[in-house]
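Asks: There's a structure below that I have some questions on.
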Amino acid sequence: MEFRLTLRAALAADQLEEFVKQEEALGVELGSGSDFERALALFLVQRGLRQDLLPPSQHQNDHVL
């Protein structure tokens, strides 16, 4: 039996990305109010905040012309 990471454990262990990947791999539906929805929203916000902290030359989505 494999260990399934819970949202609570993922937040406590700073493993939010792993939780999101796990839920995607298990085929969990993105239902309104679900732990998966909460985790994905928080993950995207955190990733956006980290992007904002980078100098403009290091943003992943920026393209050099």
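Asks: For the structure I just gave you, tell me whether F43 is at pLDDT below 95 and in contact with an Asp or Glu (Cβ under 7 Å, 6 or more places away or on another chain).
Replies: yes
Asks: Would you please name the residue that is nearest to R47 (Cα to Cα), looking only at residues in the range 1-19 that are open to solvent by 60 Å² or more (accessible area, probe 1.4 Å) and in a helix (DSSP H, G or I)?
Replies: The qualifying residue nearest to R47 (Cα to Cα) is E17.
Asks: Mind listing whichever residues of the range 20-36 are closer than 22 Å to F3 by Cβ and open to solvent by less than 70 Å² (accessible area, probe 1.4 Å)?
Replies: V20, Q22, E23, G27, V28, S34, F36
Asks: Do any residues in the range 25-38 that are among the acidic types (D, E) have Cβ atoms under 6 Å from those of residues that are open to solvent by 70 Å² or more (accessible area, probe 1.4 Å), where the two are at least six apart or on different chains, and which pairs are they?
Replies: E37/L30
The values are calculated or read from the model by the stated rules, or taken from the named source; none is laboratory data. Keep in mind that what you see is a predicted model, and the values were worked out from it rather than measured. Cβ coordinates were reconstructed from backbone atoms using ideal geometry, including for glycine residues, and neighbour counts include every protein chain displayed. The accessibility values were calculated without ligands, DNA or RNA, using every heavy atom of the protein model including side chains. Shrake-Rupley method; radii C 1.70, N 1.55, O 1.52, S 1.80 Å.
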